[in-house]
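The values are calculated or read from the model by the stated rules, or taken from the named source; none is laboratory data. Keep in mind it's a predicted model, so treat the numbers as computed, not measured. Neighbour counts are summed over all protein chains in view; Cβ atoms, including those assigned to glycine, are modelled from backbone coordinates with ideal geometry. With ligands, DNA and RNA removed, areas are computed over all heavy atoms of the protein, side chains included. Shrake-Rupley method; radii C 1.70, N 1.55, O 1.52, S 1.80 Å.
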Amino acid sequence: MSRIGRQPVTLDKGVKATIAGHLIKVEGPKGKLEMPIPEGYKVEVADSQLTVQRPGDAQDQRSKHGLVRKLIFNMATGVSKGFTRVLEINGVGYRAEVKGTNINFALGYSHPIVYQLPPGVTAKIERQVIITLESADRQLLGTVAAQIRELRPPEPYKGKGIKYSDEVIRRKAGKAAAGASAS
């Protein structure tokens, strides 16, 4: 059995899980999430614990076992504690501000960029250059963070752009001085 797949998912206080057919719904203080259960897999709820059982011992069933359990674990964690992702903006004149569900960016282009946040994701901006995204849905949060980073990916020469707070940008040396190798 999968080492991760056989571990039970413990639900925190205030988190409730229900199974309706091939759909699992998890509800907690941070929101509600639902996910379809792959065919053949069984999810059982007992004493605030969820267990995932796979249908057989085939290679593809074993490989999905841990994935299904981890997705359910992420749902339970998201509705109880939530997830956060921090982005940093580097560059002179680069900044962002939140207006309702929109984030307005000034990223060195000839026009401002307006990014519409999807429902379920909130943003806070500190000092106009640090964006903190919060959501109960880990997959949605990662997608939004990647889309925002794509607006101006960090470049390797000066490091200007939007990067994750824990990301390390490998820097390159620029051109050598113009007259250094003249013969």
It is to be established whether one or more residues within the stretch 107-121 are touching a residue at least 24 places away in the same chain (Cβ under 8 Å), open to solvent by less than 40 Å² (accessible area, probe 1.4 Å) and within 30 Å of A176 (Cα to Cα). yes
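Does R62 meet the test of being outside any strand (DSSP E or B) and either closer than 14 Å to A123 by Cα or modelled with pLDDT under 90 (or both)?
In short, yes.
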Going through the stretch 46-56 in order, the residues found to be under 27 Å from S135 (Cα atoms), modelled with pLDDT of 90 or more and either over 26 Å from the mean Cα position of the chain (by Cα) or open to solvent by 30 Å² or more (accessible area, probe 1.4 Å) (or both) are Q49, T51
Considering only residues of the stretch 78-92 that are without any contact (Cβ under 8 Å) to a residue 60 or more places away in the chain and surrounded by 18 or more Cβ atoms within 10 Å (Cβ to Cβ), which is nearest to G14 (Cα to Cα)? G82
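Please state which one of G14, G40, G5 is part of a loop (DSSP other than H, G, I, E, B), open to solvent by less than 80 Å² (accessible area, probe 1.4 Å) and under 23 Å from S135 (Cβ atoms).
Within the list G14, G40, G5, the selection yields G14.
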Can you find a residue in the stretch 58-75 that is touching a helix residue (DSSP H, G or I) at 6+ places or on another chain (Cβ under 6 Å) and surrounded by 17 or more Cβ atoms within 10 Å (Cβ to Cβ)? yes
